[in-house]
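The structure appears right after this line, and notes come after that.
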Amino acid sequence: MAESLATLDTIFSTTDHRLISIEKLLKKHNEETICSLTQINDDVTGRLHVLSDGIHQLVTKCEVCKVNAERKKDLYATCEDLMKRKDNQLCDLEAIQEAIAEEQTRLSNQRADLEASKKRANDKLETMKTYMKLYKQYLGLDVKKTKEGNLLFSFVNINRDDPEENYFFQMNLDGDTYVVTDCCPKVKDLAAIVEQLNRQNDLGRFVFEIRKKFCAFAKKHGSKKYFEREN
């Protein structure tokens, strides 16, 4: 009996030692497992942080891309608007250039007309000077320029009773048109005679016609003073 008890004690003692050993092994294993899991958790946590940062950066880039896409869209719209404005301005420029060309043509034609008018006026003046020399010599005609810039045509030898009595008319050139501004004594049908002068451009004939009218007046009334009394 004593031997059986001793054997049981030995068995229990051995079992206790084994249990203690197993307990130590389990504790060590648990510690190692916890340490390993902690490391895994730290590693996973770090990777999650990295992944989170990556996701945040990706989201930021997406937002930037979205903004850039909107800006790109706005830029395209702005470019299209600028192209339309450019086309409109080109059309306006072409219209302005055409208007300038037309105005230049009109001014050129106007300048040519003015030059031609000036030449005709100068030709008339030269013709007038030539006739004046002849008329002064043969018809008692004298021509002077007034302060107003008109030409004063004075005749003597009209009235036989008073050869020195002065008959006159004033005229000027409006462009290349003759205009009679004064006539003493008044001449009948003067407007028609002036119209004929401007139509035929025959100054000699005009002066001759006016002198004939003056002579007819002197023959009929005897003196220019009759005209002055009538007025």
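The table below lists the values:
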item: Region 107-176: GluC sites (Glu not before Pro) in DSSP coil with no more than 10 other Cβ atoms inside 10 Å; result: GLU148, GLU164
item: Most positive-pole-ward Cα, GLN104, GLY149, LEU114, against dipole of region 101-149 from beta carbon charges; result: GLY149
item: Simple Cβ-charge dipole of the chain, Lys/Arg +1 and Asp/Glu -1, about Cα centre, in debye nearest 20; result: 2940
item: Which of LEU134, THR33, ILE22, positive extreme of dipole for the chain (C-beta unit charges); result: LEU134
item: Solvent exposure, largest accessible area first (probe 1.4 Å, DNA, RNA and ligands not counted), of LYS86, LYS213; result: LYS86, LYS213
item: Neighbour cut-off at most 14 other Cβ (10 Å), DSSP loop, chymotrypsin sites (Phe, Trp or Tyr not before Pro), region 98-181; result: none
item: Cβ-based charge dipole, the chain, positive-most Cα from THR45, ASN159, LEU197; result: ASN159
item: Accessible area (Å², per residue) of region 31-139, counting only protein heavy atoms and a probe of 1.4 Å; result: 88
item: Amide hydrogen neighbours beyond the local backbone of THR181, cut-off 5 Å, H modeled; result: GLN170, MET171, ASN172
item: Cα gyration tensor shape of region 120-186, rounded if a/c is under 1.5, else prolate or oblate by comparing a/b with b/c; result: oblate
item: Candidate residues MET132, MET171: accessible-area rank, largest first, probe 1.4 Å; result: MET132, MET171
item: Residues whose placed amide H lies under 5 Å from that of ASN159, excluding near-sequence neighbours; result: GLU165
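The values are calculated or read from the model by the stated rules, or taken from the named source; none is laboratory data. Not measured: the values here are computed from a predicted model. Note that each Cβ is placed from the backbone with ideal geometry, even for glycine, and that neighbours are counted across all protein chains shown. With ligands, DNA and RNA removed, areas are computed over all heavy atoms of the protein, side chains included. Shrake-Rupley method; radii C 1.70, N 1.55, O 1.52, S 1.80 Å.
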